[in-house]
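Engineer: I have a structure I would like to understand better, so I am pasting it below and will then ask my questions one at a time.
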Amino acid sequence: MKAVRGPTDHVVVVGAGLSGLSAALHLLGAGRRVTVVERAPGPGGRAGLLELGGGYRADAGPTVLTMPHLADEAFAAVGERLADRVELVPLHPAYHARFADGSTLAVHTDAEAMEEEVRRFAGPREAAGYRRLRRWLTELYTVQMRRFIDANFDSPLDLLVPDLARLAALGGFGRLEARVGRFLSDERLRRVFSFQALYAGVAPARALAAYGVIAYMDTVAGVYFPRGGVHALPRAMAAAAADAGAEFRWNAEVVRLERSGDRISAVHTADGGRIPCDAVVITADLPVAYRLLGRRPRRPLRPVHSPSAVVWHVGTDASWPHTGHHTLSFGAAWGRVFTELTRTGRPMSDPSLLITRPGVTDPDLAPPGRRLHYVLAPCPNTVVGPGPEAWRRLGPRYRDHLLAELQRRGLAGPETAIERERLVTPADWAAEGYAAGSPFSLAHTLAQTGPFRPRNLVRGLANAVLAGCGTTPGVGVPTVLLSGRLAAARITGTPHPAARPARGPRALAR
């Protein structure tokens, strides 16, 4: 593994999102002095806090937490435990799935409970298929985690390990939807175990089967909710880093990197601050990072960005019936809407929605007697679909469309029940500096996966490292936590430990 050259005593981390905080904790644990510079008034980045007013506190980004042992490893680097800072609540079931034909499915991560639920839902043959699928997903995770996800790549030749043959034998280089179809014939069940490809920015029919590892995280390893919201995790990580000696500079936007030869020698902020450094970790979205670095990546192909999302945060004085903490509400259409998302550039005509009611697990996120709701509708990014200006006009109409669609599906009460709301569209993501108006960064196409994804070592600079969802290993809470650790390993020169066994996440919630 290549590492940065020269002294690394003082490291400046640009950005206090999950990747930056993970890097900071691992660097502190390795004896480095760390300064974290963040443009916002507090930690979180994409996983920040959104105050709707009136006592409603919403997650601005992810609402699903999987693989919490990766966060625990960051705390352990400074001698702490995740469990001492954050209370994790295992979600049973992880999801409720609702389909256009009126059928419903509870998605359990416990094998016996899920097998019985599949038997009730689709019969004994599908239940047996689920068992085989679960074994395949577990094997897929075991093969990939150590060598292909939790790994720093210096060259595509790093792929040439025995596990590559194992991954090929498992069908990892086929298509996810087709591979899941080998185990399950019920089209509704196939959706439940393949929709996760959209987290990686690719339609299930086109995604590599290797991305079934996300379905493993969702449906096998377990889904958790931190009491206080997912944004409680970065707050706790920042507190642990501060207690371990990190310095934080809030409301400080980095505007320039000072260079001395092939090294970054200082970080300059918009308020006139200058912070000398021996090395820097940059977690900003890739276009922002490259602009600060004064260079562009040498890539033969144009970047392909993931679809974006419209998120509607709603505080109400009424509860939505028939929904749990997480509800997947599938439309009748499937293949057509992915074509709309990624090719024709129009909002989904028959959307599949992620509906979250965090108050089911933590009522304190809303005022007494009130309910907080989060509705996520995938939509095209601003390269494929409407641009930011168009979304500013389209947003109010799309909000009304979402409300009508929820009412049609029996998932919303009267509009008069809404007390507070905030609609977030690709225009808002673009204003945050996210390329293509997407919070999900580069799609995990074959040309943007593993060693073909933008590297975290910056070519031509001896002491600059990238972290975050645009670089190794990719998009998602588990992967950005790994990204921070991999960036720290580039600075310390210490190889990262092997991935923990799959039973690790469950142990944290006992």
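Engineer: Scan segment 472-493 residue by residue and report those that are open to solvent by less than 10 Å² (accessible area, probe 1.4 Å) and either among the aromatic types (F, W, Y) or more than 15 Å from the chain's Cα centre (by Cα) (or both).
Structural biologist: L486, A487, A488, A489, R490, I491 - these are the residues of segment 472-493 that are open to solvent by less than 10 Å² (accessible area, probe 1.4 Å) and either among the aromatic types (F, W, Y) or more than 15 Å from the chain's Cα centre (by Cα) (or both).
Engineer: Anything in segment 38-53 that is more than 16 Å from D428 (Cα to Cα) and part of a strand (DSSP E or B)? List them, or say none.
Structural biologist: G44, G53
Engineer: Related question: Please go through segment 294-312 and pick out each residue that is in contact with a Lys or Arg (Cβ under 9 Å, 6 or more places away or on another chain) and at negative phi.
Structural biologist: Within segment 294-312, R295, P297, R298, V310, V311, W312 meet the criteria.
Engineer: Given the condition closer than 24 Å to T104 by Cα, open to solvent by less than 80 Å² (accessible area, probe 1.4 Å) and either out of contact with any His (no Cβ under 9 Å at 6 or more places or on another chain) or acidic (D, E) (or both), answer yes or no: does some residue in segment 388-402 qualify?
Structural biologist: Among the residues of segment 388-402, at least one is closer than 24 Å to T104 by Cα, open to solvent by less than 80 Å² (accessible area, probe 1.4 Å) and either out of contact with any His (no Cβ under 9 Å at 6 or more places or on another chain) or acidic (D, E) (or both), which makes the answer yes.
Engineer: Looking only at segment 431-444, filter to residues that are assigned to a loop (DSSP other than H, G, I, E, B) and under 16 Å from the mean Cα position of the chain (by Cα); which one of those is surrounded by the fewest Cβ atoms within 10 Å (Cβ to Cβ)?
Structural biologist: Ranking the qualifying residues of segment 431-444, first place goes to P439.
Engineer: With a cut-off of at least 1 residues that are free of Cβ contacts under 8 Å to residues at least 60 places away in the same chain and buried (at least 17 other Cβ atoms within 10 Å of the Cβ), name the helices (runs of 4 or more DSSP H) lying wholly within segment 126-245.
Structural biologist: Those helices (runs of 4 or more DSSP H) span 162-169, 176-181, 187-192.
Engineer: Of all the residues that make up segment 246-260, how many are open to solvent by 50 Å² or more (accessible area, probe 1.4 Å) and outside any strand (DSSP E or B)?
Structural biologist: Of the residues in segment 246-260, 3 are open to solvent by 50 Å² or more (accessible area, probe 1.4 Å) and outside any strand (DSSP E or B).
Engineer: Step by step: first the residues of segment 262-277, then only those that are touching a residue at least 12 places away in the same chain (Cβ under 8 Å) and open to solvent by 40 Å² or more (accessible area, probe 1.4 Å), then the one that is nearest to G15 (Cα to Cα). Which residue is that?
Structural biologist: Only one residue fits best here, namely A270.
Engineer: Can you name every one of the strands (runs of 3 or more DSSP E) wholly within segment 320-380 that holds 1 or more residues which are open to solvent by less than 10 Å² (accessible area, probe 1.4 Å), at negative phi and among the aromatic types (F, W, Y)?
Structural biologist: Where strands (runs of 3 or more DSSP E) fall fully within segment 320-380, none carries at least 1 residues being open to solvent by less than 10 Å² (accessible area, probe 1.4 Å), at negative phi and among the aromatic types (F, W, Y).
Engineer: Further question: Could you list, in sequence order, all residues of segment 449-471 that are over 16 Å from T492 (Cβ atoms), polar (S, T, N, Q) and open to solvent by less than 10 Å² (accessible area, probe 1.4 Å)?
Structural biologist: T471
Engineer: Taking the residues in segment 408-430 that are open to solvent by 80 Å² or more (accessible area, probe 1.4 Å) and part of a helix (DSSP H, G or I) as candidates, determine which candidate is modelled with the lowest pLDDT.
Structural biologist: T416
Engineer: Related question: Checking the structure you have, find out if any residue of segment 307-318 is acidic (D, E), at pLDDT 95 or above and more than 25 Å from Y224 (Cβ to Cβ).
Structural biologist: Scanning segment 307-318, I find no residue that is acidic (D, E), at pLDDT 95 or above and more than 25 Å from Y224 (Cβ to Cβ), so the answer is no.
Engineer: Has segment 81-93 got any residue that is without any contact (Cβ under 8 Å) to a residue 12 or more places away in the chain, in a loop (DSSP other than H, G, I, E, B) and open to solvent by 50 Å² or more (accessible area, probe 1.4 Å)?
Structural biologist: yes
Engineer: May I ask you to list pairs of residues, at least six apart or on different chains, whose Cβ atoms are under 7 Å apart, with the first in segment 43-69 being within 29 Å of T138 (Cβ to Cβ) and the second being of a type in the set (V, I, T) and in a strand (DSSP E or B)?
Structural biologist: Sorted first by the residue in segment 43-69, then by its partner, the pairs are T63/T356.
Engineer: Anything in segment 199-224 that is farther than 19 Å from M114 by Cβ and not aliphatic (A, V, I, L, M)? List them, or say none.
Structural biologist: Y199, G201, P204, R206, Y211
Engineer: Only one of G129, G181, G171, G123 is touching a Lys or Arg at 6+ places or on another chain (Cβ under 7 Å) and either modelled with pLDDT of 95 or more or charged (D, E, K, R) (or both). Can you tell me which?
Structural biologist: On the way: G129 fails: touching a Lys or Arg at 6+ places or on another chain (Cβ under 7 Å); G171 fails: either modelled with pLDDT of 95 or more or charged (D, E, K, R) (or both); G123 fails: touching a Lys or Arg at 6+ places or on another chain (Cβ under 7 Å).
None of the other options fit; the residue is G181.
Matching residues to (1) surrounded by 24 or more Cβ atoms within 10 Å (Cβ to Cβ); (2) part of a helix (DSSP H, G or I); (3) modelled with pLDDT under 95; (4) not charged (D, E, K, R):
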residue: A3; (1), (2), (3), (4): no, no, yes, yes
residue: V13; (1), (2), (3), (4): yes, no, no, yes
residue: L21; (1), (2), (3), (4): yes, yes, no, yes
residue: E73; (1), (2), (3), (4): no, yes, no, no
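The values are calculated or read from the model by the stated rules, or taken from the named source; none is laboratory data. Since we're looking at a predicted model, the values are computed, not measured. Glycine gets a Cβ as well: all are built from the backbone with ideal geometry, and neighbour counts include every protein chain shown. For accessibility, only protein heavy atoms count, side chains too; no ligands or nucleic acids. Shrake-Rupley method; radii C 1.70, N 1.55, O 1.52, S 1.80 Å.
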